[in-house]
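Heads up: the structure comes next, in structure tokens.
The values are calculated or read from the model by the stated rules, or taken from the named source; none is laboratory data. In this text, all values refer to a predicted model and were calculated from it rather than measured experimentally. Because the Cβ atoms are built from the backbone with ideal geometry, glycine has one as well, and the counts that use them run over all protein chains shown. Ligands, DNA and RNA are stripped out before the accessible areas are found, and what is left, the full protein with its side chains, is counted by its heavy atoms. Shrake-Rupley method; radii C 1.70, N 1.55, O 1.52, S 1.80 Å.
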Amino acid sequence: MVSILLSGLVTALSLLVVDLIVPGVQLDTITATAIAAASVGVVNAFIKPAISTLAIPVNLLSFGLFSYIVNGLCFWLASLAVPGFRVSGILGFLLGPVVLSFVSTFLSKYLADKYPQMMEGVPNSNREIAGTSNPEMSNLSSSEMASSDLSTTES
């Protein structure tokens, strides 16, 4: 539950940065920003996979560049659902999602590095791969874990 709230907070803060930087993206209030963050999350979770699947042939022909159009379309669709959140013009349509992605990635990485205790509820994929909850194994790469598993079984 905490990770969902943090993700929403990061998206809302990122949307505020997009509002400041990208011409054509407007957010009227903090409430609109919070609702827009939820709208972007819902569109990215449910609508974007369907659009991306349908766009595979065009994406292949454009060597992946059509994915920028898909991102812009989803960003614009999210804005339609929220009063006080507007995306207009080609810069808002194409540059808005790119800036949102960069800022969200930066903020997420910063929070994960600065406050690792907030990530305690998130399962550690390295531990799941190794099949152990040994804390010494959690910082190893998959290949290091495989070699350490081999060395323990040879004894």
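On the basis of being without any contact (Cβ under 8 Å) to a residue 60 or more places away in the chain and more than 21 Å from Ser7 (Cα to Cα), does Leu54 make the cut? Here the answer is yes, as Leu54 does meet what is asked. Can you work out which of the residues in the range 112-123 that are of a type in the set (A, V, I, L, M) and outside any loop (DSSP other than H, G, I, E, B) is farthest from the chain's Cα centre (by Cα)? Per the criteria, the residue is Met118. Remark: pairs (first residue in the range 17-38, free of Cβ contacts under 8 Å to residues at least 60 places away in the same chain and open to solvent by less than 10 Å² (accessible area, probe 1.4 Å); second residue part of a strand (DSSP E or B) and not basic (Lys, Arg); Cβ separation under 6 Å; 6+ apart in sequence or on different chains) = Ala32/Phe85; Thr33/Leu27; Ala36/Phe85.
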